Amino acid sequence: MSGGSRSEELFLRARRVSPGGVHSPVRAFRGVGGTPRFMTGGAGACLHDVDGREYLDFCMAFGPLILGHADRGVRRAAETALARGWSLGTAEPYSLELAELITGRVPWVESIRFVNSGTEAVMSALRVARAASGRSKILKFEGCYHGHTDSMLLRAGSGLAEAPLPDSAGLAPDVVQQTLIAPLDDEAALEALLTRHAGEIAAIIIEPLPANYGLLPQRPQFLQAVARLARAHGALLIFDEVISGFRLSFQGYAGVSGIRPDLTTYGKVIGGGFPVGAYGGRRELMELVAPAGPVYQAGTLSANPLAMCAGLATLQRLADGSVYQQLEELGARLERGLSGVPGLAIQRAGSVFWICSSRAGAPITPMRTPLSLPADAGASFAALFHPLLERGIYLAPSAFEVGFLSAAHTEAHIDTLAQALLALLPATDRQ
Ligand SMILES: Cc1ncc(COP(=O)(O)O)c(C=O)c1O
């Protein structure tokens with residue numbers, strides 16, 4: 001269960017100087033136990049650790065690396081940008097090119113603003129929604145994660161899914177009161193909440209493909225009801241596509257589902273692995289943002305040229321759709337390889353997958369709400385995680401994080417993961 005000796009040594013040092021030894025909680029391996037492997041770098045589908053071990057990576061930096069680690073095209077774009085100077089703090093042409101590419105291909109995103117993370121994108125989109133509506137409450141769904149802005153850290157999934165309490169400490173009560181929480185997969189509960197707070201709700205925000213509490217694909221009818229009810233109650237609809245944007249299709253989950261949100265938030269793939277987030281949507285809403293309008297939002301490092309060029313190179317590769325076709329085939333292969341296996345379920349949407357196991361043998365499909373997850377999902381994942389790690393396979397170190405495929409993965413990589421899991425299951429079941 002322990003990490004390599006260099007990793008252990010570094011983790012000891014890191015815990016002395018940083019909370020939990022990491023800079024984002026899930027990286028600390030709390031959900032699976034043991035010592036996190038300190039990675040020195042990645043290439044293609046592989047990660048390398050400080051002890052010289054190689055891992056076949058199915059976490060892919062939690063989603064941004066849709067083309068794989070150190071993709072040559074993205075690297076070239078970033079290197080060219082680097083040589084020109086890496087921070088300008090001025091108007092520049094690189095963000096314009098990225099903005100034109102996105103708005104030209106995603107018609108419901110008429111105007112877009114780049115920020116530095118998904119969290120910032122969500123925080124800013126909520127501010128726009130409040131300004132546009134003159135209302136203050138935001139409705140979110142249980143198990144959906146929207147980054148770590150205060151009002152969204154309630155029943156949020158991701159790192160909070162394995163935290164001792166479902167909500168973060170340190171939230172001001174008056175901030176918490178502005179957030180309403182509805183269960184996923186339940187039209188009646190949503191309607192009741194909207195009715196109870198008639199005239200108060202600025203926006204409904206949802207991960208259209210909830211992917212932070214395992215993967216909880218919603219019924220199309222439920223998502224359509226969310227859109228219909230938002231409109232009926234005068235609330236804006238925000239699709240948080242930080243994971244699904246440019247990942248499921250260029251147009252994200254909105255493109256797949258046919259539902260048109262008022263505002264969309266992006267992160268991860270949009271920056272090709274560099275720190276980028278964005279929010280965008282209907283022009284009249286985005287025109288509220290400073291300096292065009294009264295909603296203040298700014299950033300010293302926003303639209304950083306290196307990140308813009310890396311994002312542009314990534315999205316240009318994705319624009320003709322062929323990468324999505326390749327990823328769908330790889331995803332389907334993984335799903336075929338693992339379906340029908342007792343004690344294991346795979347949920348998948350394109351190149352996003354989630355492996356859920358239950359040693360208790362409880363039925364584990366279909367799963368659409370956090371409540372429908374097997375109670376032993378966490379423990380049973382940890383029992384798979386470490387033997388996989390020993391075999392050189394790196395999954396995100398938490399039962400509640402999804403896995404990602406990239407264009408650098410091959411059929412052989414998929415088969416390696418499937419076979420390793422199948423080989424482990426009987427042993428795991430016996431525990
Ligand atoms: C759906 C969703 N929204 C927002 C965020 C926050 O993005 P970031 O970690 O870039 O702040 C995440 C991060 O995982 C996410 O999955």
Here, R336 and E54, labelled 7 Å along Cα→Cβ, have an inter-label distance in nm of 2.7
Whole-Hz ³J(HN,Hα) from phi, Karplus 6.51 cos²θ - 1.76 cosθ + 1.60, for region 33-50, glycine and proline x:
x, x, 9, x, 6, 7, 9, 9, x, x, 8, x, 9, 10, 10, 10, 9, 5
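Where in region 286-358 are there chymotrypsin sites (Phe, Trp or Tyr not before Pro) that are in a DSSP coil and have at most 16 other Cβ atoms within 10 angstrom of their Cβ? Spell out each step's value before the answer.
Details: sites: Y296, Y324, F353, W354; in loops: Y296.
Listed in order of number, the matching sites are Y296.
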Hey, could you pull the Cα Rg and Dmax for the chain, both in Å?
21.1, 63
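Using the number of other C-beta atoms within 10 angstrom as an exposure proxy, rank L98, L344 with the fewest first. Walk me through the intermediate numbers first.
Details: L98 27, L344 21.
Starting with the residue having the fewest Cβ neighbours, the order is L344, L98.
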Lys/Arg +1, Asp/Glu -1 at C-beta; the chain dipole; positive extreme among L154, A382, S249
L154
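Let's see if you can work this out: charge +1 on each Lys and Arg Cβ, -1 on each Asp and Glu Cβ, no other charges. What is the dipole magnitude of region 285-431 about its Cα centre, in debye to the nearest 20? Display every interim value, and only then the final one.
Details: 8 positive and 11 negative charges, 50 e Å.
Here the size comes out at about 240 debye.
How big is the charge dipole of region 72-318 about its Cα centre, in debye rounded to the nearest 20, if each Lys and Arg gets +1 on its Cβ and each Asp and Glu gets -1 on its Cβ? List each step's numbers first, then the result.
On the way: 22 positive and 22 negative charges, 111 e Å.
So the magnitude is around 540 debye.
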In whole Hz and in residue order, list the ³J(HN,Hα) couplings for region 8-15 that follow from phi through the Karplus curve 6.51 cos²θ - 1.76 cosθ + 1.60, θ = phi - 60°; x for Gly and Pro.
4, 4, 5, 5, 4, 5, 5, 5
Test of understanding: in a Gaussian network model of the chain with alpha carbons linked when under 10 Å, which of P275, P64, P25 would top the mean-square fluctuation ranking?
P25
When the chain is modelled as a GNM with alpha-carbon springs shorter than 10 Å, which of A298, A91, A198 fluctuates the most?
A91
What dipole magnitude, in Debye to the nearest 20, does the chain give about its Cα centre under +1 on Lys/Arg Cβ and -1 on Asp/Glu Cβ?
240
Could you give each residue of region 415-423 its phi-based ³J(HN,Hα) in whole Hz, using Karplus coefficients 6.51, -1.76, 1.60 with θ = phi - 60°, and x for Gly or Pro?
5, 4, 5, 4, 5, 5, 5, 4, 5
Here the relative contact order (percent) of region 72-318, from C-alpha pairs under 8 Å and at least 6 apart, is 30
Out of all Cα-Cα pairs in region 20-78, roughly what percent, to the nearest whole number, are more than 14 Å apart?
62
Give me, ordered by chain and number, the residues 5 or more places off A182 or on other chains with an amide H under 5 Å from its own placed amide H.
K140, F141, E142
Selection from L285, S168, L98, by position along the positive dipole direction of region 72-318 (Cβ):
L98
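Using 0.36 nm per residue of separation minus the Cα-Cα distance, give me the extension gain between E92 and R228 in nm, one decimal. Write down the numbers at each step before the final one.
Details: separation 136, 0.36 × 136 = 48.96 nm, distance 3.93 nm.
Gain on extension, E92 to R228, equals 45.0 nm.
With both partners inside region 72-318, how many of the DSSP beta bridges are antiparallel, as a percent to the nearest 5?
Numbers: 9 of 26 bridges.
Looking only at bridges with both residues in region 72-318, the antiparallel portion is about 35 percent.
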Of the candidates S322, S357, S406, which one comes out as most mobile in a Gaussian network treatment of the chain with C-alpha springs shorter than 10 Å?
S322
What spacing in nm lies between the two simple spin-label points modelled at Y296 and V175, each 7 Å away from Cα in the Cβ direction?
1.7
Using alpha-carbon pairs under 8 Å, 6+ residues apart, how would you state the relative contact order of the chain in percent?
22
Cα gyration tensor, region 55-105 - rounded (a/c under 1.5), prolate or oblate:
oblate
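Read the figures in this text as sums done on the coordinates, not as results from a lab. Note that this is a predicted model, so its numbers are computed, not measured. Cβ atoms come from the backbone with ideal geometry, glycine included; neighbour counts cover every protein chain shown.
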